[in-house]
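Coordinate-derived values only; no laboratory data. The structure displayed is predicted, hence computed values, not measured ones. Methodologically, a virtual Cβ is constructed for each residue, glycine included, from the backbone with ideal geometry; neighbour enumeration extends over all protein chains shown.
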Amino acid sequence: MSELIRLWQLFQPYRGWMLGGFAVALITLLANVALMAVSGWFITAMAVAGAAGVAMNYFAPAALIRASAIGRTAGRYFERLITHEATLRQLAGLRVWFYRHLEPLAPARLMEYHSADLLTRIRADIDALDNLYVRVLVPVLVAITAGLAFFLFTAMFDLGLAQLLLVMLLIAGVALPWAGHRLGKRPGRCIVEIQAELRQAGIDGTQGLSELLIYGAADSHARHLDALSRALVAEQERMSQLTGIAQAATGLTANLTLWGMLWLGIPLVHDGSLAPPQLAMLALFSLATFEAVAPLPMAFQQLESTLTAARRLFAIVDTEPAVPEPTGPAPQPKDSGLVIEGLRFAYPSKSSLNDHSGTGSSADAGIHIDSAQERLTLDGIDLQLPPGRRVAIVGATGSGKTTLFNLLLRFWAPESGSIRLGGIPLEQFPGEDLRSRIALVSQHTHLFDTSIRENLLIAAPDAPQGVLEQACATAQIHDFIAELPDGYDTWVGETGVRLSGGQARRIAIARALLRDAPILLLDEPTEGLDAVTERALMDAVQRLMEGRTVLLITHRPVALAQMDEILVLDHGRVVERGTHTELLKAPIYPRLLGLDLDV
Ligand SMILES: Nc1ncnc2c1ncn2[C@@H]1O[C@H](COP(=O)(O)OP(=O)(O)OP(=O)(O)O)[C@@H](O)[C@H]1O
């Protein structure tokens with residue numbers, strides 16, 4: 001129920017359209033019922049007048065029938081138009097609302113969700129909410145308003161007939177939808193969840209198809225997809241059966257009402273309290289009134305799917321960001337120097353992550369070390385990085401190097417200790433402001449499925465072509481781009497698959513140059529490249545580092561020899577520090593670089 005209230009609040013900006021849709025839907029229904037009722041009355045009255053040989057004015061009822069028919073047809077058209085406009089506006093608004101809440105959660109909080117699951121929430125779950133207005137809200141309001149009008153209208157002729165109609169409408173409009181909701185709850189929830197799981201497995205399988213084929217696991221993955229598909233079909237069949245039963249039950253109730261009206265009405269005609277045309281009119285009228293309640297059983301049967309989708313969206317929206325945004329204005333640091341003191345950090349345990357994926361009410365902005373967690377990822381890091389200084393970080397895999405970058409970018413908040421930029425604690429900087437001062441080049445730079453130009457422009461949206469070319473020339477990629485048939489308009493493909501690792505890395509360097517940030521974080525920028533490409537890339541990296549405060553993660557001796565200081569990390573602690581020459585005599589550093597091996 002709370003989901004419905006929250007959704008209603010989100011729909012507030014569109015209430016004009018929603019009200020318009022409701023009004024037109026009501027008019028359409030009333031026109032249809034009037035058409036049936038007047039037609040019934042007219043045919044019988046004409047027959048009775050013909051049999052009695054009396055004249056009758058048929059202009060007025062004929063005009064009413066025509067007006068109702070036109071009203072019904074035009075109403076249907078405008079009803080679709082207005083309700084769809086309202087729904088599309090709601091969905092567009094919901095997408096923006098959801099995306100605004102999603103953005104601050106990246107990347108820390110979103111790690112606990114599969115990307116396909118997030119995509120499902122953004123697309124399918126938001127789309128599922130269109131049910132609420134068109135299939136639930138409008139039909140319910142129309143049914144209540146019209147049902148009351150139908151009762152009062154029938155009561156003008158006979159209270160007994162009106163009571164019968166009311167009871168039957170309540171059966172079709174309340175009891176059947178209630179039963180549909182109860183019985184549709186489980187399959188409705190399962191359908192949404194299995195669909196999300198199926199999309200997740202489908203995307204996972206497509207992305208990892210080569211691995212599945214190489215390791216002969218394609219069949220077992222296909223079986224998994226097949227099992228999910230079967231489960232989905234089974235739930236959908238259950239839902240369809242319920243829909244069929246609900247439709248049959250509504251039809252039966254309507255026809256029983258018709259019989260009941262005749263059963264109770266014929267004696268009234270006999271005793272003269274009801275004219276024969278009035279009975280015909282009321283009989284057809286009662287049948288037509290069921291159009292008001294006919295959509296309700298199915299609407300309530302599908303309500304659980306809609307509410308499950310809403311719950312999945314609210315679970316994300318209610319998640320607190322890993323790092324709270326400061327409320328004050330962006331501070332002005334005196335320079336681009338970084339000072340790290342006593343920095344300690346641990347990733348939250350799985351159990352505390354799961355808390356955040358729930359309702360979100362227990363979400364906590366801070367990060368707590370699970371008592372069962374034995375080791376901090378970073379444990380007491382101290383580092384002075386005055387403007388223009390270059391420091392390298394070296395350490396075995398999993399020693400916490402990338403984590404340190406994540407903290408500098410404020411993707412996570414430290415457990416204790418501090419990071420200051422230009423003398424100001426990092427937590428005082430709004431995330432966007434902080435990240436505008438930092439450029440990052442990593443081995444996993446993401447290239448978007450668009451042109452080279454667009455990929456460069458994300459770092460400097462207003463940069464003219466000349467500036468792009470200059471950045472690319474410094475990154476030593478301009479000549480290659482210029483030789484391509486489409487030049488800077490060349491499509492790079494999904495994640496940049498049409499470029500080699502070295503080319504993609506150079507585009508990342510060009511991006512960092514375009515950003516022109518005073519602080520530069522380099523996370524193994526030459527990792528995985530052959531020696532020749534690496535040397536060429538290092539030249540580009542050297543130019544990028546000029547005049548910037550640099551933190552570089554690397555294990556390449558050539559690069560390390562040029563750094564002002566090197567920190568050796570082991571299990572989150574700095575175990576050695578000094579220059580390359582000094583550290584060559586230390587016990588761990590040469591081992592990490594493979595320099596201790598006798599050749
Ligand atoms: N999002 C995360 N949630 C939980 N644990 C994480 C997360 N990211 C990293 N870790 C863990 O933190 C530790 C340090 O990871 P980090 O990526 O900082 O290491 P690294 O030194 O950069 O390693 P590599 O050289 O392999 O990139 C690892 O044990 C890793 O498993």
**Complete:** In whole µm²/s, the translational diffusion coefficient that Stokes-Einstein assigns to region 2-317, given a Kirkwood hydrodynamic radius over C-alpha pairs, 10 °C and 1.306 mPa s, equals 70 µm²/s
**Request:** Send over the per residue convex hull volume for region 73-199, Cα only, as a whole number of Å³.
**Result:** 134 Å³
**Asked** Alpha carbon centre of region 141-179 versus region 270-290: separation in Å?
**Response** 15 Å
**Prompt:** By count of other Cβ within 10 Å, fewest leading, how are SER39, SER229, SER2 ordered?
**Reply:** SER2, SER229, SER39
**Convex hull volume per residue for region 437-490, taking Cα atoms only, in Å³** = 97 Å³
**Asked** Going by how many other beta carbons lie within 10 Å of each one, how would you line up LYS185, LYS401, LYS585, fewest first?
**Response** LYS585, LYS185, LYS401
**Prompt:** Using the C-alpha gyration tensor of the chain, what are the square roots of 5 times its eigenvalues, in whole angstrom, with the largest one first?
**Reply:** 71, 25, 22
**Asked** Sorting MET261, MET1 on the 10 Å Cβ count, fewest up front, what's the list?
**Response** MET1, MET261
**Message:** If you filter region 504-578 for trypsin sites (Lys or Arg not before Pro), then keep DSSP loop positions with at most 14 other Cβ within 10 Å, what is left?
**Reply:** none
**Request:** Please list the helices of the chain that count as membrane-span-like by this rule: a mean Kyte-Doolittle hydropathy of at least 0.0 together with Cα atoms stretching 15 Å or more along the helix axis, each helix being a complete DSSP H run.
**Result:** 15-52, 59-102, 138-155, 159-170, 218-270, 276-289, 303-317, 501-515, 531-545
